[in-house]
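Enquirer: This structure is in structure tokens; I'll ask about it shortly.
The values are calculated or read from the model by the stated rules, or taken from the named source; none is laboratory data. What you see is a predicted model, and the numbers here were worked out from it, not measured in a lab. Please note: Cβ atoms are built from the backbone with ideal geometry, for glycine as well, and neighbour counts cover all protein chains shown. All accessible areas refer to the heavy atoms of the entire protein, side chains included, with ligands and DNA or RNA removed. Shrake-Rupley method; radii C 1.70, N 1.55, O 1.52, S 1.80 Å.
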Amino acid sequence: MALCGCFVTPPRTSPAADFARPLRSPWPWVGFCLGLALTGLVWAVVYRADQTRVRGLEAAKTAHMAKQLEDRVKDLAQVLQGAAGYLGRGPLPSRAEWRDYVAWLELPATYPGFQGLSFVEWIPGAELAAHVWRLRGEGFPDYALVPGGSLPPDPEGFSSIVYLEPWDARNQRAFGRDMLREPLRREAMLRAR
């Protein structure tokens, strides 16, 4: 007995031809679009949360820096009040007493970046010559009042940095400067008068 049969097989196609045929079902496209939309939504939510966190960190850092600056200004104001109290106790101290006072405060160690503590003397216009002779007599033979800025002299008088510690090269350049000749310092000094 002989068996005879015939199998029908579909014609073979190339793999490239399989990709060229359109999908017969829309569900793969629906899944792809939903996945894309979900990815975009998650990205937007994460981005917003990250931006909110960054703004919060920036606000906290700004508040911290403002607090540090405020504390530093208060501390330096207290140093100035202490110096004003020291200078206001009677006759002006000698240079050695001022140097010892400023050294005792240990300002550069306490306040990094601190450059110096000075006393600026008000000199009525008629007393300028006596002021210059007095400081020359205190051991500064070349002392002269130097303009501290571009403004014209104050008609009422002059100012001069006469005590300045620490007495280093940088601060020595400021000795004898008329601070009323510089706009910002003039405004501050006139307010403090």
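Enquirer: Answer yes if at least one residue in the stretch 65-74 is open to solvent by less than 60 Å² (accessible area, probe 1.4 Å), assigned to a helix (DSSP H, G or I) and aliphatic (A, V, I, L, M), and no otherwise.
Expert: There is at least one residue in the stretch 65-74 that is open to solvent by less than 60 Å² (accessible area, probe 1.4 Å), assigned to a helix (DSSP H, G or I) and aliphatic (A, V, I, L, M).
Enquirer: Here's a follow-up. Every residue in the stretch 120-156 that is in contact with a helix residue (DSSP H, G or I) (Cβ under 8 Å, 6 or more places away or on another chain), under 21 Å from L87 (Cα atoms) and free of Cβ contacts under 8 Å to residues at least 40 places away in the same chain, please.
Expert: Passing the criteria: only I123.
Enquirer: State the number of residues belonging to the stretch 109-119 that are outside any loop (DSSP other than H, G, I, E, B) and under 17 Å from Q172 (Cα atoms).
Expert: Here the count works out to 3.
Enquirer: I'm trying to understand the selection: among the residues of the stretch 146-178, which are in a helix (DSSP H, G or I) and open to solvent by 20 Å² or more (accessible area, probe 1.4 Å)?
Expert: Across the stretch 146-178, the qualifying residues are A169, R170, Q172.
Enquirer: On the given criteria, is L76 closer than 22 Å to M179 by Cα and not basic (K, R)?
Expert: It is true that L76 is closer than 22 Å to M179 by Cα and not basic (K, R).
Enquirer: Considering each residue of the stretch 102-131, count those that are out of contact with any Leu (no Cβ under 6 Å at 6 or more places or on another chain), surrounded by 14 or more Cβ atoms within 10 Å (Cβ to Cβ) and of a type in the set (A, V, I, L, M), and give that number.
Expert: Qualifying residue count, the stretch 102-131: 6.
Enquirer: For the stretch 63-79, name all the residues that are closer than 22 Å to F119 by Cβ and free of Cβ contacts under 8 Å to residues at least 24 places away in the same chain.
Expert: V73, K74, A77, Q78
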